[in-house]
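Asker: Before I ask anything, here is the structure I am working with.
The values are calculated or read from the model by the stated rules, or taken from the named source; none is laboratory data. Keep in mind that this is a model prediction, so the values were computed, not measured. Every residue, glycine among them, receives a Cβ derived from its backbone with ideal geometry; neighbour counts consider all protein chains shown. Accessible surface is based on the protein model in full, side chains and every heavy atom, while ligands, DNA and RNA are left aside. Shrake-Rupley method; radii C 1.70, N 1.55, O 1.52, S 1.80 Å.
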Amino acid sequence: MTKASLAEAFLFLHMLRVRLLLVGKHQDGFVEDGLAFFEKKLKHYCQFETVVLAQPKQAAQLPIEELKKREGELLLKTFGAKSWVVLLDERGQTPNSPAFAQLLEKWAVGGQSHIDFVVGGAFGFSKEVYERANFQLSLSKMTFSHQIIRLLFAEQLYRAFTILRNEPYHHA
């Protein structure tokens with residue numbers, strides 16, 4: 001990458017609006033603390049925001065498909081018309097950290113100025129949310145709780161930005 005194109009990529013990344021959309025409140029204080037830690041760091045690289053969507057009323061009593069439908073309706077209302085929607089989903093692509101950084105750069109330089117990364121509820125996403133999504137990303141072939149994945153993803157997003165800026169955080 002030339003010096004001029006590198007500068008252009010940094011500009012696109014810095015102007016990038018990234019939201020981490022989460023269904024349901026944090027249940028563990030360490031997750032909330034960890035997210036706050038990475039949110040502060042991420043704001044040096046992009047316009048970053050964490051958005052927590054309340055679970056539907058009486059979620060515990062709803063059949064799973066009805067719960068996913070209601071959570072999906074909340075998510076669909078939250079996505080902007082220009083949002084590039086990336087679902088954190090066990091069936092998604094599983095890039096390594098440098099490859100994820102390259103995807104992020106490709107999206108930003110390719111004109112995606114608003115990226116919504118979405119962590120669904122405990123049972124995943126509705127059919128309508130899958131249809132709206134532009135990309136599905138898996139962080140591992142292992143299964144993690146939807147609480148823990150929030151923290152893991154925030155760290156990986158931070159890592160991706162440091163890789164793109166050639167900063168010493170990531171040791172390949």
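Asker: Looking only at the range 69-89, how many residues end up being of a type in the set (S, T, N, Q) and either part of a strand (DSSP E or B) or surrounded by 19 or more Cβ atoms within 10 Å (Cβ to Cβ) (or both)? Even if it seems obvious, please write down each step before you answer.
Answerer: In the first step, residues of the range 69-89 are kept if they are of a type in the set (S, T, N, Q); the result is 78, 83.
Next, only the ones that are either part of a strand (DSSP E or B) or surrounded by 19 or more Cβ atoms within 10 Å (Cβ to Cβ) (or both) stay: 83.
Result for the range 69-89: 1.
Asker: For the range 144-172, which residues satisfy the criterion of being open to solvent by 20 Å² or more (accessible area, probe 1.4 Å), of a type in the set (Gly, Ala, Ser) and within 14 Å of residue 97 (Cβ to Cβ)?
Answerer: The one that is open to solvent by 20 Å² or more (accessible area, probe 1.4 Å), of a type in the set (Gly, Ala, Ser) and within 14 Å of residue 97 (Cβ to Cβ): 172.
Asker: Further, regarding this structure: Could you list, in sequence order, all residues of the range 32-53 that are farther than 22 Å from residue 108 by Cβ, open to solvent by 70 Å² or more (accessible area, probe 1.4 Å) and not aromatic (Phe, Trp, Tyr)?
Answerer: 32, 33
Asker: Has the range 113-136 got at least one residue that is modelled with pLDDT under 95, in a helix (DSSP H, G or I), small (Gly, Ala, Ser) and crowded, with 17+ Cβ neighbours inside 10 Å?
Answerer: no
Asker: Out of curiosity, is residue 80 free of Cβ contacts under 8 Å to residues at least 60 places away in the same chain and either of a type outside the set (A, V, I, L, M) or out of contact with any strand residue (DSSP E or B) (no Cβ under 9 Å at 6 or more places or on another chain) (or both)?
Answerer: Numbers: free of Cβ contacts under 8 Å to residues at least 60 places away in the same chain: yes; either of a type outside the set (A, V, I, L, M) or out of contact with any strand residue (DSSP E or B) (no Cβ under 9 Å at 6 or more places or on another chain) (or both): yes.
Yes; evaluated as a whole, the condition is true for this residue.
Asker: Same structure, new question: Checking residue 92 against (1) at pLDDT 95 or above; (2) in contact with a helix residue (DSSP H, G or I) (Cβ under 8 Å, 6 or more places away or on another chain); (3) open to solvent by less than 60 Å² (accessible area, probe 1.4 Å), which test does it fail?
Answerer: (2)
Asker: Can you name the condition, by its number, that residue 155 falls short on among (1) under 11 Å from the mean Cα position of the chain (by Cα); (2) over 17 Å from residue 92 (Cα atoms); (3) not in a helix (DSSP H, G or I)?
Answerer: Among (1) under 11 Å from the mean Cα position of the chain (by Cα); (2) over 17 Å from residue 92 (Cα atoms); (3) not in a helix (DSSP H, G or I), residue 155 violates only (3).
Asker: Look at residue 60 and say whether it is surrounded by fewer than 16 Cβ atoms within 10 Å (Cβ to Cβ), assigned to a helix (DSSP H, G or I) and at pLDDT below 90.
Answerer: Numbers: surrounded by fewer than 16 Cβ atoms within 10 Å (Cβ to Cβ): yes; assigned to a helix (DSSP H, G or I): yes; at pLDDT below 90: yes.
Criteria met by residue 60.
Asker: Applying the selection to the range 40-85, what residues are among the hydroxyl-bearing types (Ser, Thr, Tyr) and within 12 Å of residue 18 (Cα to Cα)?
Answerer: Initially, the range 40-85 is screened for residues among the hydroxyl-bearing types (Ser, Thr, Tyr), giving 45, 50, 78, 83.
Hits for the range 40-85 are 45, 50, 83.
Asker: Moving on. When both residues are 6+ apart or on different chains and their Cβ atoms are under 7 Å apart, which pairs have a first residue that lies in the range 130-141 and is under 11 Å from residue 118 (Cβ atoms), and a second that is among the small types (Gly, Ala, Ser)?
Answerer: 136/92; 137/92
Asker: For the range 90-107, indicate whether the set of residues that are of a type outside the set (Val, Ile, Thr) and at positive phi is non-empty.
Answerer: no
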